[in-house]
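Working notes for the structure below.
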Amino acid sequence: MPLKGDEHFLQATESLTLALLEFRQLSGRMAHMALLTRLAEFVGTLRGGDLAAQKLNELIVALRDCENGALPALFEPNRKHARPEHELAEWKLRAYAAGAMEFLYRDGKSISDAAREVGDNLGFSAETITNWRREFTCGRVKNRLAQEFWTKLVERIKAADKANLSKMGREMIRLAKEIDKP
């Protein structure tokens, strides 16, 4: 006779509690694998639970691979949906480029002209330079040091002699050129 929903839940809870007691000497991945094994066994007994049990077993195998030093495909990051962390050199380049654009903009150039001048000098599109500046301005930069650099740079720009803004912007472009492009 099939179990009712509450009975399934009680049976699962009891099974997992017993597994926790049985495997309490295990730690880390081994404990998780043991618990998942029990869960997969239980789920497999449920009507229609075969597919779920199979997926749990695939997870157990992937954890075992990790325990043995391999990175299974299941745990590889999906870079289509997650932006990779950029190396410090790239963030430094972005900060200098955005800073150069900011200097030129505050000197009276339009945003598009300032972005175009910086982009032409560094080999990037004006749109890319504009996007970098926007990310820094909005505080959405992943690299904390680069964001702190930007914040200090803006303070420096605000305190700068207005007659030197263009010169300082070109100096930022020169410094950015010295950074190896990623």
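The values are calculated or read from the model by the stated rules, or taken from the named source; none is laboratory data. In this text, all values refer to a predicted model and were calculated from it rather than measured experimentally. Positions of Cβ are generated from backbone atoms using ideal geometry, with glycine treated the same way; all protein chains shown enter the neighbour counts.
Name the single residue that is surrounded by the fewest Cβ atoms within 10 Å (Cβ to Cβ) among those in the stretch 143-182 being under 15 Å from Ala97 (Cα atoms) and of a type in the set (S, T, N, Q).
Once the filter is applied, the top-ranked residue is Thr151.
Out of Ala31, Ala12, Ala19, report the one residue that is surrounded by 15 or more Cβ atoms within 10 Å (Cβ to Cβ), in a helix (DSSP H, G or I) and at pLDDT 75 or above.
Ala31
Of all residues in the stretch 142-165, which are under 20 Å from Leu122 (Cα atoms) and either at pLDDT 90 or above or not small (Gly, Ala, Ser) (or both)?
Phe149, Trp150, Leu153, Leu165
Going residue by residue through the stretch 125-142, is there one that turns out to be surrounded by fewer than 19 Cβ atoms within 10 Å (Cβ to Cβ), touching a helix residue (DSSP H, G or I) at 6+ places or on another chain (Cβ under 6 Å), over 12 Å from Met101 (Cβ atoms) and of a type in the set (S, T, N, Q)?
There is at least one residue in the stretch 125-142 that is surrounded by fewer than 19 Cβ atoms within 10 Å (Cβ to Cβ), touching a helix residue (DSSP H, G or I) at 6+ places or on another chain (Cβ under 6 Å), over 12 Å from Met101 (Cβ atoms) and of a type in the set (S, T, N, Q).
So which residues in the stretch 103-116 are under 16 Å from Met168 (Cα atoms) and in contact with a helix residue (DSSP H, G or I) (Cβ under 6 Å, 6 or more places away or on another chain)?
If the condition is that a residue be under 16 Å from Met168 (Cα atoms) and in contact with a helix residue (DSSP H, G or I) (Cβ under 6 Å, 6 or more places away or on another chain), then Phe103, Leu104, Tyr105, Arg106, Asp107, Ala114, Ala115 are the ones that fit.
Give me the residue from the stretch 38-69 that is exposed (fewer than 14 other Cβ atoms within 10 Å of the Cβ) and in contact with a helix residue (DSSP H, G or I) (Cβ under 9 Å, 6 or more places away or on another chain) and, out of that set, nearest to Gln11 (Cα to Cα).
Here the residue is Asp50.
State whether one or more residues within the stretch 102-110 are in contact (Cβ under 8 Å) with a residue 60 or more places away in the chain and under 25 Å from the mean Cα position of the chain (by Cα).
Within the stretch 102-110, none of the residues are in contact (Cβ under 8 Å) with a residue 60 or more places away in the chain and under 25 Å from the mean Cα position of the chain (by Cα).
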